[in-house]
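Have a look at the structure below before the remarks.
The values are calculated or read from the model by the stated rules, or taken from the named source; none is laboratory data. Predicted model only: the values in this text are computed from it and were never measured. Note that each Cβ is placed from the backbone with ideal geometry, even for glycine, and that neighbours are counted across all protein chains shown. These accessible areas exclude ligands, DNA and RNA; they are computed on the full protein's heavy atoms, side chains included. Shrake-Rupley method; radii C 1.70, N 1.55, O 1.52, S 1.80 Å.
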Amino acid sequence: MMHRATRSGFFMPEIDFYKTLGVTRSASADEIRKAYKKLARKYHPDVRPGDKDAADQFKKVQQAYSVLGDAEKRVQYDRYGHAFNGGGHTGSYRTAWAAGPDGTHAVDLSDLFNQFFGDGARGGAGFERGPFQTGGHGPGGHGPRAESPGEPHGGARKGEDISFEVTVPFQVAAEGGSHGLQIRRGDQTERINVKIPAGVEDGSIIRLAGQGHPGSGGPAGDLLLTIHVSPHPYFHRDGNNLSVDVPITPSEAALGTKVEVPTMSEGHVTVTVPPGTSSGTKLRLKGKGVPSPKTKERGDQYVVVKIVLPKQTSDAAKKLYQELANVEPAAPRDGLW
């Protein structure tokens, strides 16, 4: 496996996202989505609890789909490989690999951008949109701190900030947790664990004080992490609320039933589906959503009922459906138009 060191300070392996998902580079968006769902279910921590290898593979699958599942990111990945991630001329740049008549060769993106933006394109801090600030659990991590007012007195200079994008699993973003990174400062490569606050949303920025490039007689710069959240195989998020589709049979909808439903924080719980429930009905599980980063109060989880018919119906079932049709009241569409 090829490794690359980057101008932004990171050192990480080159991973072929297409191979991770087991698809070809010409795969359609639907094929990529189906491959992701299959692998996500296979390696999900709820399915294989305590399996470290499965957990690592689950993270790789999430990372691969976060890129290949996004049409714009996929185009950039196909063109530049891993070098596209964290682009934008407000941060440090990386090395890309390009194919030419003499074979594959390295392209220094910082030199390319200097042609358009000048030497100022090499460094600097990115624009910070998110509210989160935290320290790393590694050398140099000192927690939240106030912004530096500028260059210190006496000619000392603060180190440059590093801007980087990182994709975290859905559950880590919802419930909080740590996420490991390898960072290179100067001539040293160090591993740090970033504390991800519970309830962090896609696009939030976490500032790690003192984890940027070393200063010249002044403090080190900061590390600015833009958080992207991988999709979940079956949970959907809307703010602090979660929803999950739960399939039931027509007889269960008519007569009522009890079903086991997954939650993000409490495992599986039993939910009562009342008799006469229609497809699309939402049953609320209060306080079982995602915690708010500010108030720590949880949102709600909604169980969305989906009435599912079998692809093939037996003769006995057809006969019962026909008997049911004979005794049912008027069609629900009567009087609508």
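Restricting to the range 284-303, name every residue that is on the phi < 0 side of the Ramachandran plot and outside any strand (DSSP E or B). If you could, list the steps in order and put the result at the bottom.
The initial filter retains those residues of the range 284-303 that are on the phi < 0 side of the Ramachandran plot, namely 284-286, 288-295, 297-303.
Across the range 284-303, the qualifying residues are Lys286, Lys288, Gly289, Val290, Ser292, Pro293, Lys294, Thr295, Glu297, Gly299, Asp300.
How many residues, within the range 222-279, are among the aliphatic types (A, V, I, L, M), in contact (Cβ under 8 Å) with a residue 60 or more places away in the chain and open to solvent by 30 Å² or more (accessible area, probe 1.4 Å)?
Adding up the residues that qualify gives 1.
List the number of the failed condition for Asp202; all other conditions in (1) out of contact with any Leu (no Cβ under 9 Å at 6 or more places or on another chain); (2) farther than 30 Å from Ala325 by Cα; (3) buried (at least 20 other Cβ atoms within 10 Å of the Cβ) hold.
(3)
Tell me the residue from Lys319, Lys306 that is in a strand (DSSP E or B) and surrounded by fewer than 14 Cβ atoms within 10 Å (Cβ to Cβ), please. Outline the logic, then answer.
Working: Lys319 fails: in a strand (DSSP E or B).
None of the others qualify; the one that does is Lys306.
What are the residues in the range 58-72 that are open to solvent by 50 Å² or more (accessible area, probe 1.4 Å), within 20 Å of Pro169 (Cβ to Cβ) and outside any loop (DSSP other than H, G, I, E, B), if any? Break it down into steps so the answer makes sense when it comes.
Step one: filter the range 58-72 for residues open to solvent by 50 Å² or more (accessible area, probe 1.4 Å), giving 59-60, 63, 70-72.
Applying the additional criterion that residues be within 20 Å of Pro169 (Cβ to Cβ) yields 59-60, 63, 70.
Answer for the range 58-72, where residues must be open to solvent by 50 Å² or more (accessible area, probe 1.4 Å), within 20 Å of Pro169 (Cβ to Cβ) and outside any loop (DSSP other than H, G, I, E, B): Lys59, Lys60, Gln63.
Please indicate, with yes or no, whether at least one residue in the range 64-82 is at pLDDT below 80 and either on the phi > 0 side of the Ramachandran plot or in contact with a Phe, Trp or Tyr (Cβ under 7 Å, 6 or more places away or on another chain) (or both).
The answer is yes, given that some residue of the range 64-82 is at pLDDT below 80 and either on the phi > 0 side of the Ramachandran plot or in contact with a Phe, Trp or Tyr (Cβ under 7 Å, 6 or more places away or on another chain) (or both).
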